[in-house]
Amino acid sequence: MLTSTHHLSGTKSSTVAIIHDALVVPAGSERVALYISDLFPDAPIYTSAYLPENTFSAFKSKKIHTLPFSKLVKTEKLFKILYPLWLIEISRLDLSKFDVVISSANYLAKFIRPPLQSRHICYLHNPIRFLWKPHVYTKDSLPFGSISLPGLNFVIPQLKRFDIEKTQMIDHLLTNSRNTASQIEQIYHRQADVIYPPVEVGFYEITSTPSDYYLYAGRLISHKRVDIAIKACKNLGRRLIVAGDGLERKNLLDLGGEEVLFTGRVSDQQLKNLYSNCKALLFPSDEDFGLVPVEAQASGRPVIAYRSGGALETVIEGETGLFFNEQNEGSLMDAIQQFETMSFNPLRIRKNALNFDTSVFREKFQHYMNTYIQGEREN
């Protein structure tokens, strides 16, 4: 078994380093990086930039190493503007003293250059979205607004080739869902093992008398399609609470009305209360996995999700929620009205969430490390 330090067990110890893209927002991939770090509490975390007040507070107890010029970063938008700099600097990281390097990657961390004697395990959250799904971004979600689009269109073919080449050099690939594994196979022609991201189910509580509001929880960025939830609830006259922050906040505030309450960024405790008291979670995004629907189910609350992506692996139709078929407000409105004629068992919903508990993640990740790293050493 793996020990609780940064060394792997076995006849010869292996030092471990963890790499994550950036610690500037409190999103799902950052939470996964945090849980990987908990498995190796002495392992340093290397990242491009770190804003302690903008991401999960638990990182404050970790050994965080940032790239040069990271002190220039004060906001998520400024971080994105400096992406070319991070790409250059992360490839220069000196990882020579580590035998095992674990990268948690959306768009950056997998481009490290580990030494020849080390093994690179990448937990790939998704193929780089702005390369392979650029249509999901509006100009306000890009660092330079609409002037980014011509530049991106010019360099995307070259970046795609670079992305494919570098991803094929990684020793072992893990990912968050069968949905993402399918994308990885299609784009990179690689097989990735699936270990679902962890949710601390025991942290969440079931309320016997939920309130009358629907909930959206997550970042306010274009590909999340928060606008669909807002329009659907406005048209139906239903209360909606939008918990989160992001680059699309101003546009969404303009879109909201009396029925929509924007809380901004909330604490874990506040989000826990919002989950347990909502009528249902609205999940209009096409996500690679999506932790939010699992967190809502851990609270015993049903999910109304767009029928696509990772939600198909976490929501059981008719038992823990239901789906709408088209990514627009009309389809979501129909689903909300159907939902209001149905009943759901909170205990059954929570039971489904236990399939994604932190204990499951810990066991599977430890087994994976022992199987592939210790097995290779013995051979």
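Check whether at least one residue in the stretch 99-106 is modelled with pLDDT of 75 or more, hydroxyl-bearing (Ser, Thr, Tyr) and in contact with a strand residue (DSSP E or B) (Cβ under 6 Å, 6 or more places away or on another chain), and report yes or no. First the steps, then the outcome.
The initial filter retains those residues of the stretch 99-106 that are modelled with pLDDT of 75 or more, namely 99-106.
Narrowing further to those that are hydroxyl-bearing (Ser, Thr, Tyr): 103-104.
Narrowing further to those that are in contact with a strand residue (DSSP E or B) (Cβ under 6 Å, 6 or more places away or on another chain): 103-104.
There is at least one residue in the stretch 99-106 that is modelled with pLDDT of 75 or more, hydroxyl-bearing (Ser, Thr, Tyr) and in contact with a strand residue (DSSP E or B) (Cβ under 6 Å, 6 or more places away or on another chain).
If a residue must be modelled with pLDDT of 95 or more, hydroxyl-bearing (Ser, Thr, Tyr), in contact with a strand residue (DSSP E or B) (Cβ under 8 Å, 6 or more places away or on another chain) and under 29 Å from residue 35 (Cβ atoms), how many such residues does the stretch 324-379 contain?
Looking only at the stretch 324-379, we keep the residues that are modelled with pLDDT of 95 or more, and these are 324-365.
Among the residues that remain, those that are also hydroxyl-bearing (Ser, Thr, Tyr) are: 331, 341, 343, 358-359.
If we keep only those that are in contact with a strand residue (DSSP E or B) (Cβ under 8 Å, 6 or more places away or on another chain) too, we end up with 331, 358.
Pick out the ones that are also under 29 Å from residue 35 (Cβ atoms) and you get 358.
Number of matching residues: 1.
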Would you tally the residues in the stretch 87-104 being in contact with a helix residue (DSSP H, G or I) (Cβ under 8 Å, 6 or more places away or on another chain) and either of a type in the set (Lys, Arg) or touching a residue at least 60 places away in the same chain (Cβ under 8 Å) (or both)? 5
Residue that is outside any helix (DSSP H, G or I) and farther than 20 Å from residue 166 by Cβ, where the choices are 126, 54: 54
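Report yes if some residue within the stretch 82-104 is outside any loop (DSSP other than H, G, I, E, B) and of a type in the set (Gly, Ala, Ser); otherwise report no. Steps first, please.
Taking the stretch 82-104 first, the residues outside any loop (DSSP other than H, G, I, E, B) are 83-90, 100-104.
With of a type in the set (Gly, Ala, Ser) added as a condition, the list becomes 103-104.
Checking the stretch 82-104: at least one residue is outside any loop (DSSP other than H, G, I, E, B) and of a type in the set (Gly, Ala, Ser).
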Filtered residues of the stretch 239-253 (kept if under 23 Å from residue 212 (Cα atoms) and either free of Cβ contacts under 8 Å to residues at least 40 places away in the same chain or surrounded by fewer than 20 Cβ atoms within 10 Å (Cβ to Cβ) (or both)): 239, 241, 242, 243, 244, 245, 252, 253
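One line per residue, one yes/no per condition, for (1) touching an Asp or Glu at 6+ places or on another chain (Cβ under 6 Å); (2) among the hydrophobic types (A, V, I, L, M, F, W, C); (3) closer than 23 Å to residue 225 by Cβ:
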residue: 295; (1), (2), (3): no, no, yes
residue: 304; (1), (2), (3): no, yes, yes
residue: 308; (1), (2), (3): yes, no, yes
residue: 313; (1), (2), (3): no, no, yes
residue: 316; (1), (2), (3): no, yes, yes
residue: 340; (1), (2), (3): no, no, yes
residue: 344; (1), (2), (3): no, yes, no
residue: 357; (1), (2), (3): no, no, no
residue: 362; (1), (2), (3): no, no, no
Could you check the stretch 345-375 and list, in sequence order, the residues that are touching a Leu at 6+ places or on another chain (Cβ under 9 Å) and either under 23 Å from residue 304 (Cβ atoms) or of a type in the set (Gly, Ala, Ser) (or both)? 356
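Residues that are at pLDDT 95 or above and β-branched (Val, Ile, Thr): find the helices (runs of 4 or more DSSP H) completely inside the stretch 241-309 holding 1 or more of those. Let's see the steps before the verdict.
Numbers: elements: 249-255, 268-277, 292-298.
Filter on the stretch 241-309 gives 292-298.
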Of the residues that sit in the stretch 217-240 and are of a type in the set (A, V, I, L, M, F, W, C) and outside any helix (DSSP H, G or I), which one is farthest from the chain's Cα centre (by Cα)? 240
Output the residues belonging to the stretch 64-91 that are farther than 25 Å from residue 40 by Cβ, aromatic (Phe, Trp, Tyr) and surrounded by 14 or more Cβ atoms within 10 Å (Cβ to Cβ). 79, 83
Hey, residue 267 hits all of (1) closer than 26 Å to residue 315 by Cα; (2) surrounded by 20 or more Cβ atoms within 10 Å (Cβ to Cβ) but one; which does it fall short on? (2)
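The values are calculated or read from the model by the stated rules, or taken from the named source; none is laboratory data. Computed from a predicted model, the values in this text were never measured in an experiment. Neighbour counts run over all protein chains shown; Cβ positions are idealised from the backbone, glycine included.
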